[in-house]
Amino acid sequence: VFCCKRTEICSITTDSNHTNNKKESSYYSDRLAAEIHELGPFIHPPCPNPAPLGLFAFGLTTALLQVKHTGLGGDTEEDGKGTENLVWGFAFFFGGLLQVIAGIVEIWRNNIFGFTAFTTYGGFW
């Protein structure tokens, strides 16, 4: 009596049948290992994750815009103008450009949602 550990079904087998099952199992496990090895670059992309950069750029630019709209940057007109210039600079270069770059890197990582989100918000800023 031979008990197969994978299916937990017991059956009567001959030694030659058991040997063939081992060869077949070894063939399939080798084939599976080869396929996983070929998928390596897709499972672990060669470039780092750009999402933290894109989200940080979006969050900081939005927070600076909120400072301008709430008047936390100062009460005088000169303070407001300085805050507005700061927001414009961050919106163009930090909020816009870095999010577009993050979106382009996301497409290298085969992440269509990240690509769409970051390039759309980057274009918005």
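Between Leu60 and Glu84, take the C-beta separation as r, use R0 = 22 Å, and let me know the FRET efficiency to the nearest 0.05.
0.85
Ignoring ligands, DNA and RNA, please state the percent of accessible area on the stretch 55-125 from carbon and sulfur, probe 1.4 Å. Don't jump to the answer; show the numbers that get you there.
Values: 3210 of 4640 Å².
Carbon and sulfur atoms account for 69 percent of the accessible area of the stretch 55-125.
Hey, can you rank 27-37, 96-106 by average C-beta count inside 10 Å, highest first? Provide the component values of the computation, followed by the final result.
Values: 27-37: 9.7, 96-106: 20.5.
Those peptides, ordered most packed to least, come out 96-106, 27-37.
Tally Lys/Arg at +1 and Asp/Glu at -1 over every other residue whose Cβ is under 15 Å from the Cβ of Glu84; what's the total? Display every interim value, and only then the final one.
Working: positive: Lys68, Lys81; negative: Asp75, Glu77, Glu78, Asp79.
So the surrounding residues net to -2.
The values are calculated or read from the model by the stated rules, or taken from the named source; none is laboratory data. No experiment lies behind these values; they were computed from the predicted model shown. Cβ sites come from the backbone with ideal geometry, for glycine too, and all protein chains shown count toward neighbours. Accessible surface areas use protein heavy atoms only, side chains included; no ligands, DNA or RNA. Shrake-Rupley method; radii C 1.70, N 1.55, O 1.52, S 1.80 Å.
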